[in-house]
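Undergrad: Could you have a look at this structure, given as structure tokens, before my questions?
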Amino acid sequence: MTKDNPGFNTLAIHAGAQPDPTTGARATPIYQTTSFVFNDTDHAAALFGLQQFGNIYTRIMNPTQAVLEERMAALEGGTAALAVASGHAAQLLVFHTIMNPGDNFVAANRLYGGSVNQFGHAFKSFDWQVRWADPIDPASFEAKIDGRTKAIFIESLANPGGTFVDIAAIAEVARKHGLPLIVDNTMATPYLLRPLEHGADIVVHSLTKFIGGHGNSMGGVIVDGGTFDWSKSGKYPLLSEPRPEYAGVVLHQAFGNIAFAIAARVLGLRDFGPAISPFNAFMLVTGAETLPLRMQRHCDNALAVAKWLKTNDKVSWVSYAGLEDDPNNRLQRRYSPKGAGAVFTFGLKGGYEAGKRFVEGLEMFSHLANIGDTRSLVIHPASTTHRQLTPEQQVAAGAGPDVVRLSVGIEDVSDIIADLEQSLAKL
Ligand SMILES: *Cc1c(COP(=O)(O)O)cnc(C)c1O
């Protein structure tokens, strides 16, 4: 790239990738190999001792994966990144790098349902405790912090309804208490919003959604902001104390502003093993190239659909931050002026039965539990993902009996609206 400071569209296509030096291949090759030949024994020793960067074994590092990592670090404005097998694997490795048994972290109570389960149930096996706070009220995070708190975790654009969070206000709480702010930027993507510019220290993604963008490959990434001082408090020993498995190397000292990404790779990924396959890394690199185009179309279509739904007499309410009279519109304009994302909820006057029948009556929309596909997707949470909850819990989770969630795709918006219209007409 000729310019020092390439734009976002250019980075989405070029960051991290060069023509293959041995074959001239222009697209990023899929390096479908488990292992890499050493030059000699000294080279091998330097790689194993972390004195030199290089490929050893695909569980730890692979050239196709490396392109995905550089691309995501560039798009988010971070110093380095680590790509892994899924969004959940990324979250596991982030917390493994900073938590000890008995520690806690404070997380927003409006999160992707899988993250609620991972934090609230699976993490108990490690004796890591989650404390829930309200992302609408930054002070509620402060109230949950104590001497064993290690981090704050939020989604920039929160599930399930698509609500923008005041990242800078929560970053202020984190800074005041010397804690890193970790932001899941899956729903917004760096095209709409870059959390590191608002005070976040670490960004995680499920690449499975809008980055891959075609509903065909799982992946996750951890982006290191390079901003947090891991040595200051002594609370992050994996980063600030000598590592016996690497001959006493202190990772923060040795690697400075990329120490977190290195630690997640050489301690977390190496030992827990959720490596991304080279093929999936290739698919996600390819997806990232069109992220700006797709994301703008997702947002434009979603806004048009939300406006149209408001005019339909079977619909009781529409919650989309892009609508001017939406209570979340002020935060959307501040944090994400290009658009409000693809995912939102609305209510049907006919309640639970209408929700089920509406979903079944759609023809082009796919009824499934995913977001961020090129295709338009729909789910009725009360009869599917949230059916085990009591009616009161469903309402609290934004998944009451009348709620329908859409992930608006990039088809012609007239066809999307026509499908919604014919199904609503049948109610
Ligand atoms: C899907 C999702 C995850 C989990 O990612 P996987 O790739 O499914 O493991 C985490 N956070 C958000 C916001 C998601 O949408």
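Undergrad: How much of the DSSP bridge set in segment 10-287 is antiparallel, in percent, rounded to the nearest 5?
TA: Of the beta bridges lying entirely in segment 10-287, close to 50 percent run antiparallel.
Undergrad: Can you say what percent of the DSSP beta bridges in segment 291-425, counting only those with both residues inside, are antiparallel? Round to 5.
TA: 85
Undergrad: Here's something else I'd like to know. For helix 291-310, what angle does its Cα long axis make with the longest principal axis of the chain, in degrees from 0 to 90 and rounded to 10?
TA: The answer is roughly 20 degrees.
Undergrad: Determine, for each peptide in 63-73, 378-388, the mean count of other beta carbons within 10 angstrom over its residues, then list the peptides with the highest first.
TA: 63-73, 378-388
Undergrad: Would you work out the charge dipole size for the chain about its Cα centre, treating the Cβ of every Lys and Arg as +1 and the Cβ of every Asp and Glu as -1, and quote it to the nearest 20 debye?
TA: 300
Undergrad: Considering Cα pairs under 8 angstrom that are at least six residues apart, work out the relative contact order of the chain and quote it in whole percent.
TA: Result for the chain is 16 percent.
Undergrad: Relative to the first principal axis of the alpha-carbon coordinates of the chain, what is the inclination of helix 167-176, with its axis defined by its Cα atoms, in degrees from 0 to 90 and to the nearest 10?
TA: With rounding to tens, the tilt is 40 degrees.
Undergrad: Taking amide H positions as placed 1.01 Å from N in the peptide plane, with prolines and chain starts having none, which residues 5 or more places from ALA151, or on another chain, fall under 5 Å of its amide H?
TA: VAL106
Undergrad: Could you give the dipole magnitude of segment 21-80 about its Cα centre, charging the beta-carbon of Lys and Arg +1 and that of Asp and Glu -1, in debye to the nearest 20?
TA: 200
Undergrad: Can you tell me which lysines have their Cα less than 29 Å from the Cα of LYS338? Leave out same-chain residues fewer than eight positions away.
TA: LYS3, LYS209, LYS307, LYS310
Undergrad: Same structure again: Nearest 10 degrees, 0 to 90: what angle lies between the long axis of helix 278-289 and the longest principal axis of the chain (Cα atoms)?
TA: Compared with the principal axis, the helix lies near 60 degrees.
Readers should treat all values here as calculations from the given coordinates under stated rules, not as data from a laboratory. Remember, predicted model here, so these are calculated numbers, not experimental data. Here the Cβ is made from the backbone with ideal geometry for all residues, glycine too, and neighbour counts use every protein chain on show.
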